[in-house]
Amino acid sequence: MGITGGPDTALWFAEQSAGNIGRTTTSGAVSEYATPSGSPYQITTGADGALWFTEPATNNIGRITPAGAVSEFAVPSGNSPQGIVAGPDGNL
């Protein structure tokens with residue numbers, strides 16, 4: 001659903017129906033990374049050099065490094081995080 005420019009000059013995108021985070025290089029090579037909960041929605045680049053994404057169906061915020069390491073963090077029940085953006089102070 002969402003798409004953002006990554007710290008590695010690739011385009012990163014959330015594939016909600018496929019349950020993946022995708023990456024497309026400027027030469028057109030595509031990589032896909034499965035998320036444990038399988039429902040990424042929006043994605044943005046964080047100040048830490050990782051990509052952060054929302055998973056509203058499972059109440060999670062996720063993080064993926066440019067190397068493809070995925071982590072997920074639960075948010076309080078019923079919040080269904082939708083959008084995510086980095087602020088000028090680096091916080092999400």
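The values are calculated or read from the model by the stated rules, or taken from the named source; none is laboratory data. Since the model is a prediction, treat every value here as computed from it, not as a measurement. So basically every Cβ, Gly included, is an ideal-geometry build from the backbone, and we count neighbours across all protein chains shown.
Observations, loosely collected:
- When the stretch 20-43 is filtered for residues that are in a loop (DSSP other than H, G, I, E, B) and closer than 16 Å to residue 80 by Cα, the ones remaining, listed by number, are 37, 38, 39, 40, 41, 42.
- The residues in the stretch 44-80 that are surrounded by 12 or more Cβ atoms within 10 Å (Cβ to Cβ), modelled with pLDDT of 90 or more and assigned to a loop (DSSP other than H, G, I, E, B) can be counted, and the count is 9.
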